[in-house]
Amino acid sequence: MPDLFSQMDKVTSFLPARNLRVKFILWITLILSIMMSVAVYSSANAQKDLLRQSLNKKAQALGEFVSLVSPQAIYGYDFTTLDQFSREIFSNPDISYSVIFDNNGNPLTTAIPDGISFPDPSFSLQQKYNWLKQQPGVSQLSFPIINNDNRLGDVIIGIDTRPMLRAAKEVLYRQIIIFMVGLILLLVFIFIVFRQSVIKPVKALVKGAHNVSQGIYDHPISLTSNDELGELTKTFNLMMAEIHEDRHILTQKNDKLILFSRAVEQSPATVVMTNVHGNIEYVNKQFTEISGYSAKEALGRNPRFLQSGKHGRAFYQELWQTISKGGIWRGQMQNRRKNGELYWEYATIQGITNEAGEVFSYMAIKEDITEQKQAEEALQASEAQKLLILNSSTDGIFGINTKGYTTFVNEAAAKMFGYSVEELTGKVIHDLIHHSYSDGSHYPHAECKMFDSANNGIEHHVIDEVLWHKDGHCFPAEYWSSPVHNDGQLSGAVITFHDISQHKAAEEEIRKLAFHDPLTKLPNRLLFKERLHHDLSQLKRSGTSFAAMLLDLDHFKDVNDSLGHPVGDLLLIQAADRLSQVVRNVDTVARIGGDEFAILLENIDEFSTASSLAQQFINNMSKPFQIKDNMLQLGTSIGIVMVNSSNTTE
């Protein structure tokens, strides 16, 4: 039967997909034809068996009768009587011939139809009998002649089965005609029902699928049947609505990601990222515009090619000591453009650390402050130009005397504090804008570094304090407090500051974008690589072994292809959560691309421990995922590497 189905598929394979009704009719026709053929064949055989049984019973009755009455004739060799018995049997129209044999197998008498021409007219009775039993359409029966338990001979009766076969064929032909008429009527009925109940709904579904492929989601299929196709239509309409919603959400997320990327690339601040060795891995557009170097010229080089020679070795040693320990260095530096011009930058440089506190990358956010530096130099050179420079600067600048009273304030400072210039001038400015720490606790006037510059002549550069707005909120600021001398006498201090809120926000956002997967929020390939390098370094120093795993989701591509990428994204998020539930805080689960995850297990000495954790991952991932209305079952493939001093080389 499977061979028959495969042959039927080959026969219908040339039909286009839209001829579903034709394929269905062909299949129904084939099945009904086979069933009816079997029924007709069985009925005909049954008729033939009945006729054969009836004929055999008739012949048996005649033979048994002769075998009972013929013993005396055989004892007396009464051939006349035996011949009479034989002809009485032959007189039946269904009997072709009859022969009576003695106990030695010799024919005593034979009844043969008139008009038969034997091959040789001189045939004996035995030869005639042998010739007759070989003729087609003749079946013979044998009945023993017994008297007092003595076998005297046999009665042989030849039955003509040809009339019976002709009658069976006539019955078969009539049944075939009846079955064919019934088959045609049944096919017509099935076709009408199939067209109304299946073809029309399927066409509606095909049209709906075509609309989805064209991006049309607001044309649901109108089908109100309560059968399986009706349920399928409801599910299809629900799927279209969900796809429409998911595409909208995905578009919004993609737009946000593009916005963040463009914000970094188009930031007015220079953004530079290096590896742990200090080689540049990324620069934004602002870097190329300010320095004159293209990204291609900068990538892979150490930033020292920008040095102007103004700063001594101690300056850079202090910078590297700060960032290599995971600290944040903020300060001004003079660099040299590609064309040889010198320019000043205000830089925030941060060492990016892992959970162990070790730095594996560096990030710098810098602003061109050449104009600011020129303004400061001009301020020191000419008091007449001070007010002009102050009010044209974008940084806040104000001065205080030795008592802490404000002597002047520029417009930028007043604006950032929310006061007018008049409200600030002549006031103890510490009480207005520097009275508290960021947590709201009191900042004593005596500890104020601005006041210290004005009273003790000490210059301060502060990067970790806040200043306060008139409305009560504070903002992070960087300021320089420089003492002022008149005729060699300390007369106060000048404070220059700017709001660094955007810098801090940009630093945090860039860190997230650089080292975490935006979908699952897990560490990305770059962060995983750095943590792996850290573990290898730990192994060399202290022999601390660890395990690494690579894991991917089996048949994840089938989910994306069948249910769409939004469902695939939700599946990845749930998978990431399940993986994170198994590991410890010191371990790392990272998404390194697609459906691939990498795992670092810290302080693992035995392979059995890693294998046990891997089995937990497999068990967690083998549980069904409920993604909206979809229940998904996926497998997991995991590779494990044990890393210890015995399998690691320099």
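The values are calculated or read from the model by the stated rules, or taken from the named source; none is laboratory data. None of these values were measured; they are calculated from a predicted model. For neighbour counting, all protein chains shown are included, and Cβ atoms are generated from backbone atoms with ideal geometry for every residue, glycine included. Protein only, heavy atoms only, side chains kept; ligands, DNA and RNA dropped before computing areas. Shrake-Rupley method; radii C 1.70, N 1.55, O 1.52, S 1.80 Å.
In summary, the convex hull built on the alpha carbon positions of segment 444-603 has an orientation-averaged projected area of 16.5 nm². Here the ratio of the Cα radius of gyration of segment 390-435 to 2.2 N^0.38 Å is 1.02. Peptides 547-558, 234-245 ranked from most to least packed give 547-558, 234-245, packing being the mean of other C-beta atoms within 10 angstrom over each peptide's residues.
Would you please calculate the Kirkwood hydrodynamic radius of segment 219-350 over all C-alpha pairs and express it in Å, rounded to one decimal? Kindly include the intermediate steps, with their values, before the conclusion.
Details: mean 1/r = 0.0525 Å⁻¹.
When all Cα pairs of segment 219-350 are included, the Kirkwood radius is 19.1 Å.
When each of the peptides 177-188, 391-402 is scored by the mean number of other C-beta atoms lying within 10 Å of its residues, the order from highest to lowest reads 391-402, 177-188. Ligands, DNA and RNA left out, the 1.4 Å accessible surface of segment 299-362 is 46% carbon and sulfur atoms. Counting 0.36 nm for each residue step from SER645 to LEU186 and taking away their Cα separation leaves a gain of 157.2 nm.
Ordering 410-420, 206-216, 625-635 by mean Cβ neighbour count within 10 Å, with the highest value first, yields 410-420, 625-635, 206-216. Taking only the Cα atoms of segment 543-637, the radius of gyration and Dmax are 14.1, 49 Å.
Pairs exceeding a 23 Å alpha-carbon distance, out of LYS427/LYS470; LYS253/LYS521; LYS296/LYS338; LYS256/LYS521; LYS207/LYS256; LYS557/LYS623: LYS207/LYS256. Working note: Debye formula, equal point scatterers on the alpha-carbon atoms of segment 402-461, no solvent; log10 I(q)/I(0) at q = 0.16, 0.17, 0.27 Å⁻¹ is -0.54, -0.61, -1.19.
The H on the amide N of GLN140, modeled in the peptide plane, is under 5 Å from the matching H of ILE159, each at least 5 residues off or on a different chain.
Per residue, the accessible area of segment 550-650 comes to 52 Å², computed with a 1.4 Å probe over protein heavy atoms only. Put simply, the amide H of SER438, placed in the peptide plane, has neighbours under 5 Å in VAL466, leaving out anything fewer than 5 places away on its chain.
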